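A quick write-up on the structure given underneath.
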Amino acid sequence: MSAFLASGPNLGRGGVGAWLAGLSPRGKVLVLAGEVVVMLALWQLVVGVLGWINPVFFPPPSAIWQGFLELWSSGVLATNALVSLQAWLTGFAIAVGIGIPLGLLMGTSLPVDRVVGPIAWTIYATPTIAYQPLAKAWFGFGIGPVIFLVAISAVFPILLNVAAGMRTTNPSIIRAGTVFGAGRFQLYRSVYLPSTVPFLFAGLRQAVVLATIGMVVAELTGSAQGMGAVIIRAANTYQTDQAFAAIALVVVWSVGMTQVVTLVERWVAPWTRKARR
Amino acid sequence: SDPGAEAEPVDLADGEPGEAEDTAITVAIPFPDVTMYSMYVLGTDLGYYEEEGLTVEVITADNVTAAVASGSADIGVESTGTVIEAIRGGVDVDLVSGHYCRQNFDFAVQPDIDSVEDLDGTSIVLAGTPGDPAEFQRALVLSEQGWDLDGVNVEIVYPGPGSESWTEFFVNDRITLQPFYGDDRPALEEHDAKFPVEALRNWANDVMVAGSGYVQENPNTLVRFLRATLKAVDYMTAPAPGEFPDNVGEVLDIYEANDFDVDALRGSDSPWVLDGHLACQNLYFDTEAWDTTVETQSLEPIEFDSSQLVYLEKAQALLGLDNAGPEELPYP
Amino acid sequence: MTVTSATGTNRIVRPRRVVRSGEGRWAWLLVGVVAAVLLAWEAAVSWLQLVPAVFLPPPTEILAAFVRLLGEPEFWQAFAYSMGNLLIGLALAIVVGVVVGLAVGWSPVLRFTVAPFLWLLYSTPKVALAPLFILILGLGNESKIALVFLLAVFPIILNTMEGAVTVSPSLVNAGRVFGVNGVYLGWKVIFPATLPYSLSGIQRGAALGFTGEVLGEFLGGTGGLGHLLEFAAYQFMMAEAIAMVIVMVIIANLTLWLISALRRRLAPWYDDRRIVGAS
Amino acid sequence: MTTTIEPTEDEASAPSLISVRGLGVSYDVARTGEKLVAIEGVDLDVREGEFVTVLGPSGCGKTTFMNVIAGLVKPSAGKVLVAGEPVTGPGPDRAVVFQDYALLPWRTVFDNVRFGLEMQKGLKGSGWRDRVQEAVELVGLSGFEHAYPRELSGGMQQRVGLARAIVAEPRILLMDEPLGAVDALTREVMRAEIEKLIAATGKTVLFITHSIEEAILLGDRIVVFKSHPGAVKEVIETGLERPRSERSIQSDPRFLELRDHLWDALQGEATAAAVSK
Amino acid sequence: MTTTIEPTEDEASAPSLISVRGLGVSYDVARTGEKLVAIEGVDLDVREGEFVTVLGPSGCGKTTFMNVIAGLVKPSAGKVLVAGEPVTGPGPDRAVVFQDYALLPWRTVFDNVRFGLEMQKGLKGSGWRDRVQEAVELVGLSGFEHAYPRELSGGMQQRVGLARAIVAEPRILLMDEPLGAVDALTREVMRAEIEKLIAATGKTVLFITHSIEEAILLGDRIVVFKSHPGAVKEVIETGLERPRSERSIQSDPRFLELRDHLWDALQGEATAAAVSK
Ligand SMILES: Nc1ncnc2c1ncn2[C@@H]1O[C@H](COP(=O)(O)OP(=O)(O)OP(=O)(O)O)[C@@H](O)[C@H]1O
Ligand SMILES: Nc1ncnc2c1ncn2[C@@H]1O[C@H](COP(=O)(O)OP(=O)(O)OP(=O)(O)O)[C@@H](O)[C@H]1O
Ligand SMILES: [Mg+2]
Ligand SMILES: [Mg+2]
């Protein structure tokens, strides 16, 4: 996501581009907010006022807001969001718990890398949706298959990024570590792990998006609760405004969590912040 | 847009309908299944559609009303409650006829379940996906039969639209109660399941819809399509309620030729062998059926625009039928 | 006019392709591990009956289903159908993704106005928007192609963007100095410089595009592997369903392999270190 | 060591190929929104066929200065005339050799050199092939036509950059620290080669360097820049004979004198730059 | 220019701190499976407190040679003794300054310098804080303790590398082209600083460089390497007074003589290297 706000090749351009690039973080946020408002207004105009698309299938923002209020006041939102949240967090924690150690192991040991790597890539390349019927069959109903799908969606970006981070640790730094007397363990702690951190966070950011999509896919069928169930129930009863409100919330969650990951990264790994020059 | 407001009285000339405006018809069904949608296969195989100058293609659609509204399908078959909700929501579809005018409510429970109290603390299935209005009807019938779920602490789960998967969960003891259909029965019997509730209700199960615009532009097509479909329904249903259908052998041959597994149905002596008991030969639908659905599925009341049924009535008239409601059928 | 010319050995230092001698051994290890897992699976299901076979069929049954599948003409029809849509959708996604990615990556104004929405769209679970697709694009090939496109295009855009943002300014300056400008600059300098990034986005996009195809076929219609999978899942034929999944895995991996082969061909100058995704 | 070093006076009457008057460039600084004055009030005249070296500490605006002449950066004040015409953008009369070579990594040596030609003339005729080949030979790279840049050493890559610049026969060669990224030994070799090459082709050259020695060895005149803001501190005529053998010239008292002088001029600047770059 | 340059004979009797005998290193080449002989039959003795510069074209095995002494590479033939003990691995008596700095990007200047201490001693006592601070001051970086490497210029980063190397007070400093990556002007400044620093601390130094001038300016002795396979071509005693001002020394006839001699010795090698690296 950082690439969006990167200023790009600095070639002394002028005009709006330079102005935008020159904005302070707060200014950028303001401009973005402005854009969002314009976008919503356009949407409202096309669907709500001009009626170019049947609003049952594509409700205007005002209706979505209405749907959100309905969900909120009926208490449906709170209970279901809580269920989803629990599944998401559990699944993500499992993914992190498996992904990081296994990634580190892959980065350390060539045999593990050569065995786990291809298998991981294979599963990663397979559409998540393909696991959906299997997950339901294996884990039954409720939160089980959701956790499974969240975990399996999130684990590979973490795993593969951590492994890549370990493998691409600058050999020159490793040499420096060795020269200054670091033992195997110290080298691990002081050199490999810190240089893997940026990769880990890149993986976490990808994982957040994939985990959220996995969660919705899992909840869309099979479970009685959760945001996916809210979406499908609302869709089945043609309360599309509520369905879209639920989707919007999921998107907000996804984007919000990537931001959280970025914030944590800034805090844990201040050196990864873009150079000031 | 206000449903019903757009429907203008349609003038259908007396006598034979005119040439079909649209000769290739796409029928959307909600999920791949043979028995429920067999009349379209039969109509094609027996040449009824060809006689009307039509060809019919059956496709599946995740959301039938959307498929119809978008023009991907000309005709859609969808459960009545869903169609009512869609029309309420403002989807531009017209209800053109009934499809199955009755519903069977057959429930299996695990061998150790004797009464509704025994379900306490277990998982049960009432419908495949959340938001399926049939869930309320099933609960209603259950409570009418002495299995009122209101007082019991059960978890209602949704294993997906196909009843085969419900059965698999059932025989693997993941659920204690499920609705079932004829083709699920052998597996359930093998599992020693009990069938505490077997009932038939004269409630419209599902209906056919078409896009409002399509209806306006293709009156003759619609009449011709319905006439052929009526013939196909007649071919597969019994001459009178409760009797054994005449053409079972031929129908099963046609199913088989269309890649369906019919071994279990051959040699059956049940009058319900083709699920034909669920259909009315005249593809009945009217305001009463609408209101019953609204009531039994606990839907918000909404009025039915019966002018939508002119094509059905025309097709019925051409075949000498009237739009009579379903007769009482005693459960065997 | 002469310049002291090469007097030493005219040795071109070809990039090192790291093919370790142990590589073959690891392949065997991999085969061994996979075999062991399959064996344990077979044992757990068929012999020890720890898991009911309807839910998790043993590998032998899946293999049988797989072989059966390959023998059926319907399968190959479905295969052709799915691949056709996939290729069209991917082609569109590649063209649009690369062009949009370049434009957005290159222009700060676009990056600012368009990119956040791209990100939002990327994060949106497309599954949830299914009815919208049916409504707008119907159940023919269009909705499937659209879903392939929609799922594949974002990784391509995001990666291309990342590439375009990181194009060395001095390459751009070199282009300008030698008279390359405007669209030409994009075509002659920025596009090739970004190509390795785009290709790695395309790789991910292709795998995701396949998800889109399956998703589109779940939505409705009559053809395709997703349709077959849905059918198998409806009948609760797990062995068949898993066999279908294996077909998908094979296709996904073949696509990955094909594109990395393509990358080696199209971008031989590019040293094959992994570019970690932009997102 | 009695000869004093007098900053050269540009004779206004001499026909100058490049003429810079009151040149100033300021950049918008993204973060703060302020303007950073990179260079200010720069005057310079370069005669046809002259080899001018530009010496100055890091960040003093040498690259900016050169970019204005190349037409890559628009001045905020003053004007630049090349052959009497104001500079409005890059043109075929000026070619640039970059410090980081800026070769297109996806093109072979031959195609990279061709790049210098293809945009301008469109490669219509058939003669271009010979011209490219000639340029490749001129820089001593025959036999490497089909190598990719990353298969070459730094020195070889810079030769490609040189060939690309001269192939279109520009009147002016702008070289921005062309030897900054090659190792010292290669650098010492290439200096001599560049001198010979330029002498043979008779081009007008503006050559930026950090190295005092290089500035003296190559330049007819040395322009010394100072920082904050970047400006011309002094201009010195080297007055050394050509061809200059690196070995013989270093015992030349004039060389030593220049060296001492420049060292003094830059000592402060360089120390400051090393610590606060 | 009458003084002839005689390669120095290592007196076998002098107590040498580093003693290299018949050293050979060969690498396994991945692609072909063959062995590449990087260096062969290298003999060298370095006395305590001596500053030895190693000069040679690219790829001749200088880094390999230094890595053996650092204990990073195992010799395939011959032996290396440091203070009479055979080298078996890196040790606190030898510290390395790397060309690419090899700083840990996630550590501040202070923590990077501390790294030189912590691996070996574990930072038990309380004195280490002062020692680190002292080293930071010694290289002139006070005030930058909390900066991250990416916030520093190349020259400053190399100062950090230097501080990290000297903080643990090794007997031997191994420097692999420490100034290869900084700009020429900074380089000229830093050369003098390094000389002063080393003189003050009295360390034994092995200093690899590509630059003839640097080799002469800094070295007590210059070891010239040749390629294919890497081996010592000759060893020259500079015999120049210390402290050496860069400015005065360049008029010293001995300097010029050495320069010419080395130039001749390396000309062929360098040309070859520039084209075939
Ligand atoms: N595009 C730009 N936007 C903002 N500031 C810039 C830009 N380019 C250069 N500067 C600033 O202008 C000043 C002069 O930069 P310039 O690159 O011209 O210096 P230089 O003398 O070439 O330095 P060096 O020797 O390190 O190459 C510096 O302070 C630099 O940070
Ligand atoms: N790990 C390695 N595996 C295989 N070959 C190597 C390895 N390290 C170095 N070599 C080869 O050994 C030879 C000597 O390399 P080395 O890095 O010691 O040279 P160098 O003199 O330090 O060169 P430079 O001046 O460019 O740093 C080169 O041909 C190089 O390609
Ligand atoms: Mg510069
Ligand atoms: Mg080296």
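The values are calculated or read from the model by the stated rules, or taken from the named source; none is laboratory data. In this text the structure is predicted, and so the values were computed from the model without any measurement. Cβ atoms come from the backbone with ideal geometry, glycine included; neighbour counts cover every protein chain shown. When the accessible area is computed, the model is the full protein with side chains, heavy atoms only, and any ligands, DNA or RNA have been set aside. Shrake-Rupley method; radii C 1.70, N 1.55, O 1.52, S 1.80 Å.
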Computed from the beta carbon distance with a Förster radius of 35 Å, FRET efficiency for residue D:196 and residue A:170 to the nearest 0.05 stands at 0.30
For residue E:74, the aspartates and glutamates lying under 14 Å Cα to Cα, once residues fewer than eight places off in the same chain are dropped, come out as E:28, E:40
Across E:126, E:142, E:227, the residue with the highest GNM fluctuation in chain E (Cα network, 10 Å cutoff) is E:126
Between chains A and B, total accessible area buried, probe 1.4 Å, no ligands or nucleic acids, nearest 100 Å², roughly 1600 Å²
Under the 7 Å Cα-to-Cβ spin-label approximation, residue A:42 and residue E:240 lie apart by a distance in nanometres of 6.8 nm
Checking rank on C:157-167, D:82-92, with mean other Cβ inside 10 Å and highest first, the result is C:157-167, D:82-92
Summing -39500 (n - 2.57) over every DSSP H run of at least 4 in chain D, dividing by its residue total and rounding to the nearest 500, the 222 nm mean residue ellipticity is -11500 deg cm²/dmol
Per-residue accessible area, 1.4 Å probe, largest first, puts B:269, E:260, B:173 in the order B:269, B:173, E:260
Of the DSSP H helices in chain A, the ones reaching 18 Å or more along their long axis in Cα terms and averaging at least 1.6 in Kyte-Doolittle hydropathy are A:143-167
Rounded to the nearest 10 Å², the accessible area of residue B:156 using a 1.4 Å probe with every protein chain kept is 50 Å²
Sorting from shortest, the nanometre distances separating the label point of residue D:146 (7 Å past Cα along the line to Cβ) from those of the same residue in the other copies are 6.0
Expected integer from the mean partner chain Cβ neighbour count at 10 Å over A:234-244 is 6
Quick shape summary for chain E, equivalent ellipsoid via Cα gyration tensor, semi-axes whole Å in descending order, reads 29, 23, 19
In the structure shown, of E:196/E:233; D:62/D:233; E:35/E:79; D:203/D:226; E:62/E:233, the pairs separated by more than 21 angstrom at the C-alpha atoms are E:196/E:233; D:203/D:226
With label points set 7 Å from each Cα along the Cα-to-Cβ direction at residue C:187 and residue B:318, the distance between them in nm comes to 6.0 nm
For chain A, the charge dipole (Cβ of Lys, Arg +1; Cβ of Asp, Glu -1; about the Cα centre) points to a positive end, and the Cα of A:173, A:71, A:124 closest to that extreme belongs to A:173
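Please identify the helices of chain C, taking whole runs of DSSP H, that span at least 15 Å along their own axis as judged from the Cα atoms and have a mean Kyte-Doolittle score of 1.0 or higher.
Passing helices, by number: C:23-42, C:59-71, C:73-106, C:141-165, C:238-266.
Could you give the semi-axes, largest first, of the ellipsoid that matches the range B:24-83, computed as the square roots of 5 times the alpha carbon gyration tensor eigenvalues and rounded to whole Å?
Working: eigenvalues 83, 36, 14 Å².
Sorted largest first and rounded, they come to 20, 13, 8 Å.
Let me have the 222 nm mean residue ellipticity of chain C computed from DSSP H runs of 4+ only, each contributing -39500 (n - 2.57), with the sum over all residues rounded to the nearest 500.
-23500 deg cm²/dmol
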Heads up, chain A by the C-alpha gyration tensor (a ≥ b ≥ c square roots of eigenvalues; a/c under 1.5 rounded, else a/b over b/c prolate, else oblate) looks oblate
Expressed in square angstrom to the nearest 10, the accessible area of residue A:119 with a 1.4 Å probe stands at 60 Å²
Helix E:109-121: inclination vs chain E longest Cα principal axis, degrees, rounded to 10, gives 80 degrees
Rounded to the nearest 10, the angle in degrees between the Cα long axis of helix D:253-276 and the longest principal axis of the Cα atoms of chain D comes to 90 degrees
Extend 7 Å from the Cα of residue B:172 along its Cα-to-C-beta direction; within the range A:97-134, residues with backbone N under 17 Å of that point are A:130-134
With label points set 7 Å from each Cα along the Cα-to-Cβ direction at residue A:90 and residue B:51, the distance between them in nm comes to 5.9 nm
So the FRET efficiency between residue D:228 and residue E:28, C-beta based with R0 = 60 Å and rounded to 0.05, is 0.65
Using alpha carbon centers only, the range E:97-173 is separated from the range B:282-332 by a whole-angstrom value of 88 Å
Sorted by chain and then number, the residues having a modelled amide H within less than 5 Å of the amide H of residue E:17, at least 5 places away or on another chain, are E:46, E:47, E:48
For chain E, longest principal axis from Cα atoms; helix E:154-167 axis from its Cα atoms; angle between them, nearest 10 degrees, is 80 degrees
Expressed in square angstrom to the nearest 10, the accessible area of residue B:57 with a 1.4 Å probe stands at 90 Å²
At R0 = 35 Å the Cβ-Cβ FRET efficiency linking residue C:250 and residue B:155, nearest 0.05, sits at 0.35
By the C-alpha gyration tensor axes a ≥ b ≥ c (rounded if a/c is under 1.5, else prolate when a/b exceeds b/c, else oblate), the shape of the range D:75-209 is oblate
Checking A:263, A:50, A:85 against a Gaussian network model of chain A (alpha-carbon springs below 10 Å), the top fluctuating residue turns out to be A:50
Whole-Å distance linking the alpha carbon centroid of the range C:60-131 with that of the range A:86-123 is 25 Å
Checking every Cys Cβ in the protein assembly as shown against the others at 4.7 Å leaves as unpaired D:60, E:60
If one builds a Gaussian network model of chain B from Cα atoms under 10 Å apart, the most fluctuating residue listed among B:108, B:264, B:73 is B:264
The correct ranking of B:65, B:129, D:201 by accessible area at 1.4 Å, largest first, is D:201, B:129, B:65
Descending accessible area (1.4 Å probe), largest on the left, turns A:105, A:160 into A:105, A:160
